[in-house]
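Scroll down for the structure; my scribbles are underneath it.
The values are calculated or read from the model by the stated rules, or taken from the named source; none is laboratory data. Predicted, not measured: the structure shown is a model, and the values here were computed from it. Because the Cβ atoms are built from the backbone with ideal geometry, glycine has one as well, and the counts that use them run over all protein chains shown.
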Amino acid sequence: MKPKSLFLSTVTFGTLLSSANAVTLISEIYSNPPGSDPASQDFEISGVPSTSFDLWIVSIETDPGSGQGTVDRAENITGTFDSLGIASVSIDDLENPSNTLILADDFTGTIGSSDIDTNNDGIADDISEFSGILDVVGIIEDSMDPDYATGLGGVYLPPISSTDPELVFRDSSTGDFFYTVNGNVYDETGTMVAASDFTADPTLSTFGSVNPTYAVPEPSSALLSGLALFGLIRRRR
């Protein structure tokens, strides 16, 4: 994993989602906050430093059944990104996973009745009530839950042992998502990674400040020596 600037990585990823505001992304969310459910929770987004925003956060019901695909929560958020391009806002408590979070320029639908999966086949077939989808992440509890995120150009986080994901955040360098389950850390493929390989503790929230970066360990000197010897042998043949 090669480090990239946050601006470059967000432009590259965001351009796939929207040409209107390519660098505005979901940055951090406690999908299942510790303790009892709070009345409100923090939600962090990243964007162009020192610019204002007027956006929508929409949560889609992603548990299978008759209600799948319906809008479970929807909230308009406004504010200004700080000098680092970070903004943390307070929103009404989201339902625990599984859900699909959509960050958009505008949403004209209705909580409880708007439905992006009208035939309940696990595929988003109606996003007419959204304008300018900027980012999408599917925070999934069970492998039977539908994947709306990938079809909308976003990221689907594979379920781990049918357990609610907890903290979800983007790497501050690459823009890749990581998430915690039972205190362990996983990358976008559902592969466990070592918490000690991050620049800061990835199991702790960093709302309003720079997220941790996954720093892949440098090869050991023994490994480098072995690779050098292997190369020398090949050249002599």
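Here are some notes:
- Screening the stretch 60-157 for strands (runs of 3 or more DSSP E) wholly inside it with 2 or more residues that are of a type in the set (Gly, Ala, Ser) and at pLDDT 95 or above returns the ranges 71-80, 86-92, 130-139.
- Neighbours by Cβ (under 9 Å, 6+ apart or cross-chain): first from the stretch 182-208, touching a residue at least 60 places away in the same chain (Cβ under 8 Å) and closer than 19 Å to GLY35 by Cα; second surrounded by 15 or more Cβ atoms within 10 Å (Cβ to Cβ) and β-branched (Val, Ile, Thr): PHE207/ILE86
- For the stretch 176-185, filtering for residues that are out of contact with any Leu (no Cβ under 6 Å at 6 or more places or on another chain), closer than 22 Å to SER209 by Cβ and at pLDDT 95 or above leaves 4.
- Scope the stretch 158-181; condition touching a residue at least 24 places away in the same chain (Cβ under 8 Å) and part of a loop (DSSP other than H, G, I, E, B); matching residues: PRO158, PRO159, ASP164, PRO165, GLU166, ASP171, SER172, SER173, THR174, GLY175, ASP176
- So SER143, is it farther than 26 Å from SER88 by Cα and in contact (Cβ under 8 Å) with a residue 12 or more places away in the chain: yes
- Subset of the stretch 42-59 [β-branched (Val, Ile, Thr) and not in a strand (DSSP E or B)]: VAL48, THR51
- Near pairs, Cβ below 8 angstrom, 6+ apart or cross-chain, from the stretch 58-72 (closer than 9 Å to GLY112 by Cα) to any residue that is in a strand (DSSP E or B) and of a type in the set (S, T, N, Q): VAL71/SER59; ASP72/SER59; ASP72/ASN99
- Once the stretch 182-193 is narrowed to residues that are over 14 Å from the mean Cα position of the chain (by Cα) and part of a strand (DSSP E or B), the residue that is surrounded by the fewest Cβ atoms within 10 Å (Cβ to Cβ) is MET192.
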